[in-house]
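The values are calculated or read from the model by the stated rules, or taken from the named source; none is laboratory data. None of these values were measured; they are calculated from a predicted model. All accessible areas refer to the heavy atoms of the entire protein, side chains included, with ligands and DNA or RNA removed. Shrake-Rupley method; radii C 1.70, N 1.55, O 1.52, S 1.80 Å.
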Amino acid sequence: MIFGLVLICILAGLAAVYLHDVRQTQHTILRNFPVLGHVRYFAETWGEYMRQYQYLPDWAERPFNRLERSWVYRSAKGVSNLVSFGSENVPSFVFRNAAFPVLDEEKRGYPGKLIGIATGPGACREPYVAKHFFNISGMSYGALSHAAVTSLSRGAKLAGIWMSTGEGGLSKFHLDGGADIVMQIGTAKYGLRTQDGALSEDRLREVAGYPQIKMFEVKLAQGAKPGKGGVLPGAKVSAEIAAIRGIPEGQDSISPNRHRDIGSIAELGGFIARVREITGKPVGVKFVVGDPGYVDEWFADCAAHPEHAPDYVQVDGGEGGTGAAPAPLADYVGLPVTQALPIVAAIRDEHGLHDRIRIIASAKLITPDKVAWALCMGADFVSSARGFMFAMGCIQAMKCGSGKCPTGVTAVDPKLIAGLDPADKAVRVANYARRLADEVEMIAHSCGLPDVTGFAPKHVTEIERGVGGFRAHSG
Ligand SMILES: Cc1cc2nc3c(=O)[nH]c(=O)nc-3n(C[C@H](O)[C@H](O)[C@H](O)COP(=O)(O)O)c2cc1C
């Protein structure tokens, strides 16, 4: 009898928790996995008290460790990120603080930065003033769910940052929030193609007509899979995706491993000039550095033929993310951004293009320290994909390619997508972008700079570590 009563109480309690979980909108994991999902939040909350007994330290997880992810989660939720007792980090670089940091009243907000030029060879009709230095890197609708794209678009609008469409074309979800958009032109030219896969000038003109589209981005490569196109299985090519991408419904869509019409530096320059002429908007190029020699040749061509120069380049490191990529390319091909960015910045400056070609850096630059590092090393902007996925609740389940993402961010299953509430996640996206910018500015102030535009290589120094973290002296 007592046993029966206890059982009824437990079941009633579980039913109440279940109803609470499916009705709330803040935690996708609880909506998608009612009751069971509390195990994650229990482990997250109480885990920090168990650190001394556990075997996996906070900085051991990959690709992003718990310290990095927690920083993003807490920022996105608007929770304090202050640390107590001391730092757990063992940094490989630090910033050189000034003896006399700027006073609060001397601090300046980010002044914005122009991309594209209004006069002279290579000019465009509508240069773009970027209002923020940290923006959203390309992720296609298809790789991301409609709820995730909607959250990013609304969050980007709230924070005043831009988002790139990724190579999968422009959807109504990108336009939903009213944010500034970069339209990516991938190797299959999805959303901008003729039936046989060539660039459709009519479609390009039509897309450029949207006031929200501020720039175009020719994607040569992304860090996770340089030299490889994507495959979208026919089962995923719904009528909606087919219409957005400009491909037949229900058939496998294979994007070529490079643009068929761009096989040399001269052809790249010609393509950039053509897109800029048709659209009137700035044109950038996203690429991954392999041999720095071709960057040198390319920028020499830009200096000699200014009409060929891109308005920006996005330097994606080999450690970049993806919806799906073969392991050898993801693991072993392409320079990491830590090497690539200083090389590209130096070559740009050697060719006198410092004020002509803006540099965007990306690949695992998701926390203020890494973003400030990139700005010191010559980046004008930093873009992130996975930082914003974390802001939307991604738990690094590494299931993006399966369509079964438990947080709905990259899911295909409508039940999993339904757990992700764009109204809530848009605020988190904006919170993350704002907190990140605030803390990069805080580093600048500590270095004696009124705003982040003064960052230079001299503000960062590598740490040399010897025995026990101190340099060993031999004499
Ligand atoms: C799910 C997913 C989809 C992506 N789709 C694209 C894409 O369509 N086009 C592209 O240029 N890069 C794509 N990327 C790469 C990102 O734009 C970015 O360059 C890379 O992940 C490095 O940034 P991160 O380390 O902040 O994620 C994708 C990344 C992820 C995680």
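Scattering from the C-alpha atoms of segment 1-43 alone, worked out with Debye: what is log10 I(q)/I(0) at q = 0.30 1/Å? With one equal scatterer per Cα and no solvent, log10 I(q)/I(0) is -0.95.
Annotation: residue 267 carries an accessible surface of approximately 90 Å², with a 1.4 Å probe and no ligand, DNA or RNA atoms counted. Residue ranking by accessible heavy-atom surface, 1.4 Å probe, largest first, among 162, 71, 46 comes out as 46, 71, 162.
When the alpha carbon gyration tensor of segment 66-192 is reduced to an equivalent ellipsoid, the three semi-axes, largest first, read 33, 24, 15 Å. Pairs of Cα atoms nearer than 8 Å and 6+ residues apart set the relative contact order; for the chain it is 21 percent. Stokes-Einstein, applied to the Kirkwood radius of the chain over Cα pairs at a viscosity of 0.890 mPa s and 25 °C, places its translational diffusion at 104 µm² s⁻¹.
Coupling constants for segment 28-33 follow from the phi torsions by the Karplus curve (6.51 cos²θ - 1.76 cosθ + 1.60, θ = phi - 60°), and in residue order they are 4, 4, 6, 5, 7, 10 Hz; glycine and proline get x.
Backbone amide hydrogens, once placed in the peptide plane, bring residue 460 within less than 5 Å of 96, excluding anything fewer than 5 places away on its chain. Give me the lysines in straight-line cross-link reach of residue 364: C-alpha distance below 20 Å, same-chain residues under 8 apart excluded. Within the straight-line limit of under 20 Å, residue 364 reaches these lysines: 219, 225, 286, 399. Here the 3J(HN,Hα) profile of segment 274-279, calculated from phi with Karplus coefficients 6.51, -1.76 and 1.60 at θ = phi - 60°, is 5, 5, 5, 5, 5, 8 Hz, Gly and Pro shown as x.
Size descriptors for segment 1-141, from the alpha-carbon set: Rg then Dmax equal 24.6, 89 Å.
Computed over the alpha-carbon atoms, segment 260-334 gives an Rg to Rh ratio of 1.02, Rh here being the Kirkwood radius from the mean inverse distance. Distance between the C-alpha centres of segment 402-455 and segment 179-249: 24 Å, rounded to the whole angstrom.
Of the listed residues 354, 20, the order by accessible area with a 1.4 Å probe, largest first, is 20, 354.
Only beta bridges with both residues in the chain are counted; by DSSP, about 25 percent of them are antiparallel.
With a ≥ b ≥ c taken as the square roots of the eigenvalues of the C-alpha gyration tensor of segment 233-363, please select rounded if a/c is under 1.5 and otherwise prolate if a/b is larger than b/c or oblate if it is not? Oblate shape, in that a/c is at least 1.5 and b/c is the bigger or equal ratio. Which pairs in the list 113/281; 113/172; 131/228 are over 21 Å apart, alpha-carbon to alpha-carbon? Among 113/281; 113/172; 131/228, the Cα-Cα distance tops 21 Å for 113/172; 131/228. Express the carbon and sulfur contribution to the solvent-accessible surface of the chain as a percent, rounded to the nearest whole number, probe 1.4 angstrom. Roughly 58 percent of what the probe reaches on the chain is carbon or sulfur. In terms of its alpha-carbon gyration tensor, segment 97-146 comes out oblate; a/c meets the 1.5 threshold, while b/c is at least as large as a/b.
For residue 349 and residue 462, compute 0.36 nm times the residue count separating them, minus their Cα-Cα distance, and round to one decimal in nm.
The residue 349-residue 462 span can extend by a further 38.4 nm.
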